[in-house]
Amino acid sequence: ELREARQIVEEKAPPEAKQTAEEVEERILLQSEDSTLALARTRIDIERLLRQILGKRTVLHPDKEDPVRFVGINQLFDLFTSQNDQFAYLKKPFRYVTQICNAAIHAQRVSDDQAQEALALGAQVIAVLKEFAGVPEQ
């Protein structure tokens, strides 16, 4: 299912996002010692981009009450796709990636194959979000 989701994203993603996805995947793997950390970084990057795109605060200010800070990644993604329906094709891939990332983060067993597929698919999702947000690859 992860491979099928990757194929869907590859077919529908903007052409500029395809090269960026490979760069993102390589950066994530280089910055992490193991797949669990790479999956955690992938989830963090997706959430950070969604918050940036939606204009939600990513820095907490102790003197300001911000109910939006409690909005989770799934709600952020749903809000993003409701405002940008051309990205509805990312729903299933996004759910797969976050499911695998969350499993790894919560100490559930994730096979190496699942991790590699989720990292590749996550890189594709990140690349599409970066392209939408106009964020250059680092």
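Here is how the numbers come out for the structure above:
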{"read-out": "Cβ crowding within 10 Å averaged over residues, with 13-20, 41-48 ranked highest first", "value": "41-48, 13-20"}
{"read-out": "Measure of compaction for the stretch 81-121 (Cα Rg per 2.2 N^0.38 Å)", "value": "1.33"}
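No lab work stands behind these numbers, since they all come straight from the coordinates. What you see is a predicted model, and the numbers here were worked out from it, not measured in a lab. Using ideal geometry, Cβ is built from the backbone for each residue, glycine included, and neighbour counts are taken over all protein chains shown.
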